[in-house]
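What follows is a single structure, written as structure tokens, with notes after it.
The values are calculated or read from the model by the stated rules, or taken from the named source; none is laboratory data. Because the structure is a prediction, the values reported are computed rather than measured. Every residue, glycine among them, receives a Cβ derived from its backbone with ideal geometry; neighbour counts consider all protein chains shown.
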Amino acid sequence: MSTVRVPFLNMKAPYQELKAELDAAYQRVMESGWYILGEEMEAFENEYATYCGAKDCISVGNGLEALHLILRAYEIGPGDEVIVPANTYIATWLAVSYAGATPIPVEPDLRTYNLDPDRIERAITKRTRAILPVHLYGQSAEMEAITRIAQKHGLKVIDDSAQAHGARFNDQIASGFADAAGVSFYPGKNLGAFGDAGAVVTNDPGLADRVRVLRNYGSRVKYQNEVKGFNSRLDPIQAAFLRVKLAHLDEWNDRRKAVAARYLEALSNIHELVLPYVLPHSSPAWHLFVIRHPRREALQRHLTQAGIGTLIHYPTPPHLSAAYAELGWKVGDFPITEEIANTVLSIPMGPHLSRDEQDEVISALQSFA
Ligand SMILES: *Cc1c(COP(=O)(O)O)cnc(C)c1O
């Protein structure tokens, strides 16, 4: 085995860079004696809503729960259909399933990997209640076109912003286009906690109120339960860490942008290699830098031998996952999604990837024949 010279993502670097601030946040919460809900959590909610240019942020346990609680709050459930990208991480579909509704997959645009607006209307039926686009790999989905379709058919737009903290379209934060957005603060995301965490971002005050009740046992006042709610809350300790990291998000995203710009330039002439496509007016958060190659397995082996960490996002699309066998989809049903799953490769990307490491990635890719 070759040794790892450039890890796919350096998970320790955020703590190393922000140690003093994070240690102070830890001490503040530990000494406060307050460990569920409370001021620290509310302060983070206000700061993240402001960052997104949204009216409200309701923190929850994780990104999957954020999407699930939005669907519950809109009373989308058994018998309802929700349009989801065929090409996404399975959590998007699972949120729909947990609510009791059925995910209806729609193929992506092969250039952006995001939901193709031109294919959405064909999938709409009398049972459709919402469209759930994902800003995959950190680039905003085509929200203007999606919103137009949703308005025409009276559907909610709920977006999965798990990979898109700080992504912009026409200078607006991507999460601000939908009725409500589900956000994940899983440690590896652009804004990551040190454990599980998530949030709902919305301009809909009614939705915000219902999610707030649902996340806390269906209760507004202690021991008065309006509905059968859930326990899905953001720990104040994670809120305190996220407040520290939120202050650095734009700067860290700028570092990702610089890495992306470098890759895009240096890798532009490699035979058969497909680079990420950025839509006009779009400013991705570069959560991942995803390339495609017809001989993906050989390329991944070559990079591994050169000590470069890579991952595949995602090797099995949800419609072919054992978890969704019940829906009866088979190979060939979503050919664009399957083509993506068979050819994508994510190369190292992050705010702590040094110039030397970037050089190693670039030269390893250039030496693949
Ligand atoms: C990470 C992720 C989620 C789920 O977030 P968790 O916090 O892990 O529950 C949902 N959708 C997408 C696209 C993701 O990348």
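Would you check if there is a residue in the stretch 302-313 being surrounded by fewer than 18 Cβ atoms within 10 Å (Cβ to Cβ), polar (S, T, N, Q) and over 29 Å from residue 183 (Cα atoms)? Scanning the stretch 302-313 turns up at least one residue that is surrounded by fewer than 18 Cβ atoms within 10 Å (Cβ to Cβ), polar (S, T, N, Q) and over 29 Å from residue 183 (Cα atoms).
The condition (being surrounded by fewer than 18 Cβ atoms within 10 Å (Cβ to Cβ) and either within 10 Å of the chain's Cα centre (by Cα) or under 18 Å from residue 49 (Cβ atoms) (or both)) is satisfied by just one residue among 172, 151: 172. Taking only pairs six or more apart or across chains, which ones have beta-carbon atoms under 7 Å, a first residue in the stretch 254-265 that is more than 17 Å from residue 190 (Cα to Cα), and a second residue that is modelled with pLDDT of 95 or more and surrounded by 19 or more Cβ atoms within 10 Å (Cβ to Cβ)? Sorted first by the residue in the stretch 254-265, then by its partner, the pairs are 262/358; 263/289. Contact map, the stretch 119-137: first residue over 29 Å from residue 289 (Cα atoms), second residue among the small types (Gly, Ala, Ser) and within 15 Å of the ligand (Cβ to nearest atom), Cβ cut-off under 6 Å, separation 6 or more or different chains; the map is empty. In the stretch 161-179, the count of residues that are under 16 Å from residue 46 (Cα atoms), outside any loop (DSSP other than H, G, I, E, B) and within 12 Å of the ligand (Cβ to nearest atom) is zero. Note on the stretch 44-79: residues that are closer than 20 Å to residue 160 by Cα and either touching a His at 6+ places or on another chain (Cβ under 8 Å) or not in a helix (DSSP H, G or I) (or both) total 14. Report yes if some residue within the stretch 225-237 is more than 16 Å from the ligand (Cβ to nearest atom), over 19 Å from the mean Cα position of the chain (by Cα), in a loop (DSSP other than H, G, I, E, B) and closer than 23 Å to residue 25 by Cα; otherwise report no. Within the stretch 225-237, not a single residue is more than 16 Å from the ligand (Cβ to nearest atom), over 19 Å from the mean Cα position of the chain (by Cα), in a loop (DSSP other than H, G, I, E, B) and closer than 23 Å to residue 25 by Cα.
The lone criterion from (1) surrounded by 24 or more Cβ atoms within 10 Å (Cβ to Cβ); (2) under 22 Å from residue 94 (Cβ atoms) left unmet by residue 207 is number (1). Within the stretch 3-43, the set of residues being basic (Lys, Arg) and either in contact (Cβ under 8 Å) with a residue 24 or more places away in the chain or not in a loop (DSSP other than H, G, I, E, B) (or both) comprises 5, 19, 28.
Scan the stretch 148-160 for residues that are among the β-branched types (Val, Ile, Thr) and either in contact (Cβ under 8 Å) with a residue 60 or more places away in the chain or within 13 Å of the ligand (Cβ to nearest atom) (or both) and the total you get is 1.
Considering only residues that are more than 15 Å from residue 105 (Cα to Cα) and charged (D, E, K, R), look in the stretch 124-147 and name the one that is farthest from the ligand (Cβ to nearest atom). Going through the qualifying residues, I end up with 126.
Across the stretch 180-194, the qualifying residues are those that are within 8 Å of the ligand (Cβ to nearest atom) and of a type in the set (Phe, Trp, Tyr), and the one among them that is surrounded by the most Cβ atoms within 10 Å (Cβ to Cβ) is 185. Evaluation of residue 352 against the conditions (1) in a loop (DSSP other than H, G, I, E, B); (2) within 17 Å of residue 112 (Cα to Cα); (3) not β-branched (Val, Ile, Thr) shows that the sole unmet condition is (2).
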